[in-house]
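Only one structure is covered here, and it is reproduced in the block below.
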Amino acid sequence: MSDTHTSTLDNLSHETRAFAPSVEFVATAVGKAEQYEAAKADRLGYWEDQARKVLTWDTDFTEVLDWSQAPVAKWFADGKVNAAYNALDRHVENGLGDRVAIHFEGEPGDTRSYTYSQLTDAVKQAANAFESFGIAKGDRVAIYLPMIPEAVITMLACARIGAIHSVVFGGFSADALRSRVDDAEAKLVVTADGTWRRGKPSSLKPAVDEALAKDGHTVQNVLVVKRNGQDVNWNEKLDKWWGDVVDTASTEHTAVGHEAEHPLFVLYTSGTTGKPKGIIHTTGGYLVQAAATHRDTFDLHPESDVFWCTADIGWVTGHTYVTYAPLINGATQVMYEGTPDFPNQGRWWEIIANYGVTVLYTAPTAIRTFMKWGRAIPDSYDLSSLRVLGSVGEPINPEAWMWYREVIGSNNGPNGEKKEHPTPIVDTWWQTETGAHMIAPLPGVTSTKPGSAQCPVPGITVDVVDDMGVSVGNGEGGFLVIRDPWPGMLRGIWGDMNRYQETYWSRFEGMYFAGDGAKKDTDGDIWLLGRVDDVMNVSGHRLSTTEIESSLVAHPYVAEAAVVGAKDETTGEAVVAFVILQVEPEEGEDVVATLRAHVGKDIGPIAKPRHILVVPELPKTRSGKIMRRLLKDVAEGREVGDATTLADNTVMTQIADSMHK
Ligand code: 6R9
């Protein structure tokens with residue numbers, strides 16, 4: 001384990017608080033202690049039950065798991081199921097057509113609600129429109145949309161007809177979009193003119209235009225939602241307005257069952273190398289785990305809860321806990337387009353009060369931002385409707401966890417009243433690759449601990465192992481692994497199955513290596529300690545050091561670059577780059593600004609380094625490996641650690657000197 005992980009481990013060892021669920025909560029809790037027992041006694045039997053409980057199958061399955069082609073799993077393989085039918089039509093057939101599926105709130109304050117029957121009609125129209133473009137089962141559709149209902153509608157319309165969606169986060173650049181469109185050979189791109197950010201229009205369509213400007217792509221149609229009304233360039237050959245083709249399409253569309261192992265989506269995520277990986281998820285197993293965990297982790301009572309997951313659909317959290325699980329479970333959810341500070345820093349709390357949100361699922365970076373803004377803001381709203389609070393995306397530090405509990409989870413109205421029992425907090429560990437929650441407390445069972453995701457969800461087996469793959473004892477740290485295949489697991493990397501095997505299954509024999517450090521406390525509960533590889537976590541978003549380094553060295557000014565994630569109070573980590581220049585910049589040119597803009601254009605604004613330090617040398621070992629650990633010390637303003645393995649031991653002094661110039 002690296003030095004940083006050992007020190008985090010020491011800090012966390014002092015955290016001993018635990019909060020048992022209240023008697024009232026336990027009495028009505030959906031997730032039960034017996035589930036752990038049942039799953040332990042018969043893991044496959046447990047998932048078989050869940051599969052029939054949460055989904056309606058067109059064709060029932062006879063085999064739960066086929067692991068004969070390990071590490072590629074097949075779950076419920078001879079079953080057939082339609083994701084959109086399960087998310088929509090069946091609820092309408094069951095008399096829930098008038099229940100609100102989505103309360104949408106636009107950033108400018110416009111609102112729209114879709115009942116289950118309205119959403120079903122909208123998805124059927126989109127499915128018909130996509131089919132009219134010639135999109136068929138197995139074709140790929142790239143989605144480059146803001147957080148508006150059409151994003152969910154598009155994803156579900158793809159799922160309905162068996163097309164594979166690939167959502168590209170709207171904050172990614174034209175280049176990033178193009179490389180994903182090319183990798184998946186997408187036939188259709190669904191986008192919008194633009195969206196709103198802090199009261200100003202923010203465009204999307206120009207990035208699509210730029211992405212497709214060069215020939216050689218596979219796109220035949222670009223479907224454009226009118227959202228912010230900005231002017232757009234129109235390509236007569238490709239572009240169609242959503243309003244012209246979807247809103248006018250028929251609301252009749254019959255869903256057929258797709259094989260459980262039919263791919264549902266590809267989602268690109270950063271790995272340890274420069275090239276993002278297209279993570280493949282299939283239909284049956286993914287939906288089963290998504291729906292079961294959504295029900296149990298959040299104690300979902302679909303008839304009365306109002307669920308709000310604040311994640312963008314560009315990330316896996318938005319896939320699983322915005323588009324799929326809440327709708328499969330027949331819940332009512334809130335979807336918000338904009339930022340938390342527009343028109344003021346109380347926007348989220350106002351949304352919660354207005355819609356009576358009962359379950360809030362967000363990221364530690366957001367919580368730490370709210371802490372910075374001060375408790376007076378949430379204190380002035382009525383948050384009494386909240387009953388479960390979730391966290392995801394990065395380790396949540398105990399201070400943020402306690403603030404979440406005391407300020408948000410105890411709020412019982414704007415008069416400073418406190419709830420007798422603060423809401424439980426569920427810290428959920430999982431990854432794009434795992435598809436759904438893997439480690440999380442059950443709010444009606446587990447005594448929760450500030451800063452710990454604690455225990456695997458029922459039916460999942462995780463472990464912490466040492467360097468040799470041997471399970472560590474309680475009180476010890478090591479690497480997080482998953483021992484048994486699970487329904488929501490990735491089925492591979494798009495176009496590169498060898499990389500799948502190498503990345504996840506080669507570090508430890510027969511175990512899935514997650515890339516995270518973890519420790520078991522004296523009770524055996526799991527505490528996540530952050531990545532142990534070259535993946536950074538900025539505001540809960542995964543960024544690869546290598547990817548940003550490649551972008552920097554692609555700029556003509558840069559000879560060499562090293563990127564590290566430096567600890568940051570709000571965003572968890574911040575990108576810090578060290579670069580060696582190969583040309584003298586023009587007189588008066590701000591190289592740092594130029595390079596930041598370059599990375600922003602290449603990958604997207606979130607990848608822009610917070611700091612870029614121009615240095616004369618980089619610290620390397622004799623084998624030429626950059627010692628990022630030392631650069632991290634510099635970036636975090638610490639005394640530089642052990643540098644004895646450096647090929648040139650004057651390098652760190654040179655770097656220090658160059659910084660003081
Ligand atoms: C869902 C999601 C996955 C990486 C993962 C880990 C970090 C996520 C966490 C957490 C500690 C939690 N991570 N949840 N670390 N505690 N509750 O975030 O997926 O974008 O693929 O990121 O995020 O490092 O390996 P993804």
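Every number here is computed from the coordinates shown, using simple stated rules; none is lab data. Quantities reported herein were computed from a predicted structural model and do not represent experimental measurements. Cβ atoms come from the backbone with ideal geometry, glycine included; neighbour counts cover every protein chain shown.
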Estimated inter-spin distance, THR522 and VAL470, nm [label 7 Å along Cα→Cβ] = 2.4 nm
Sorted by chain and then number, the residues having a modelled amide H within less than 5 Å of the amide H of GLY271, at least 5 places away or on another chain, are LYS277
Fully extended contour minus Cα-Cα distance, from GLU303 to HIS421, at 0.36 nm per residue | 40.2 nm
Label point distance in nm, ARG52-THR16, each placed 7 Å from Cα along Cα→Cβ | 4.8 nm
Taking the Cα-to-Cβ direction at ALA38 and at ARG638 and moving 7 Å from each Cα, how far apart do the two end points lie in nm?
-> 4.6 nm
Identify the residues of the range 70-101 with backbone N under 11 Å of a label point that sits 7 angstrom from the Cα of MET497 along the Cα-to-Cβ direction, or state none.
-> 70-73
In whole Hz, the Karplus estimates of ³J(HN,Hα) for the range 336-343 (6.51, -1.76, 1.60; θ = phi - 60°; x where Gly or Pro) are 10, 7, x, 9, x, 10, 10, x
So which lysines pass the test for LYS200, namely a Cα distance under 18 Å, with those fewer than 8 places away in the same chain ruled out?
-> LYS226
Report, for the range 552-660, the % of DSSP beta bridges that are antiparallel, rounded to 5.
-> 75 percent
Rounded to the nearest 5, the percent of antiparallel DSSP beta bridges in the chain equals 60 percent
For the range 141-282, what is the percent of antiparallel DSSP beta bridges, rounded to the nearest 5?
-> 35 percent
Most to least packed among 74-86, 553-565 [average Cβ atoms within 10 Å] | 74-86, 553-565
The answer for the net charge of residues other than SER550 whose Cβ lies under 11 angstrom from its Cβ, with Lys and Arg +1 and Asp and Glu -1, is -2
Selection from ALA211, THR111, GLY138 lying farthest towards where the dipole of the chain points positive, charges on Cβ | THR111
Restraint check, LYS53/LYS520; LYS187/LYS237; LYS32/LYS80; LYS237/LYS277, Cα-Cα greater than 24 Å | LYS53/LYS520; LYS32/LYS80; LYS237/LYS277
Fully extended, how many nm does the chain gain between TRP234 and GLU210 (0.36 nm per residue separation, minus their Cα-Cα distance)?
-> 7.4 nm
Taking the Cβ-Cβ separation of ASN354 and SER658 as r and a Förster radius of 60 Å, what is the calculated FRET efficiency to the nearest 0.05?
-> 0.70
Between SER384 and residues 5 or more places away or on another chain, which pairs have amide H atoms under 5 Å apart, with H built 1.01 Å from N, and which residues are they?
-> GLY413
For SER113, residues with placed amide H under 5 Å, excluding near neighbours | PHE104
Would you mind working out the magnitude of the charge dipole of the chain relative to its Cα centre, with +1 at each Lys and Arg C-beta and -1 at each Asp and Glu C-beta, to the nearest 20 Debye?
-> 260 debye
SER202-GLU399 FRET efficiency (beta carbon distance; Förster radius 35 Å; 0.05 resolution) = 0.60
Calculate the translational D of the chain in whole µm² s⁻¹ from Stokes-Einstein, where the hydrodynamic radius comes from the Kirkwood formula applied to all Cα pairs, the temperature is 25 °C and the viscosity 0.890 mPa s.
-> 96 µm²/s
Ellipticity estimate at 222 nm from DSSP helix runs (n ≥ 4, -39,500 (n - 2.57)) divided over the chain, nearest 500 | -8000 deg cm²/dmol
Extension reserve of the THR111-SER132 stretch, reckoned as 0.36 nm per residue once the Cα distance is removed | 4.6 nm
Can you give the translational diffusion coefficient of the range 552-660 in µm²/s, computed by Stokes-Einstein from the Kirkwood radius over Cα pairs at 4 °C and 1.567 mPa s?
-> 89 µm²/s
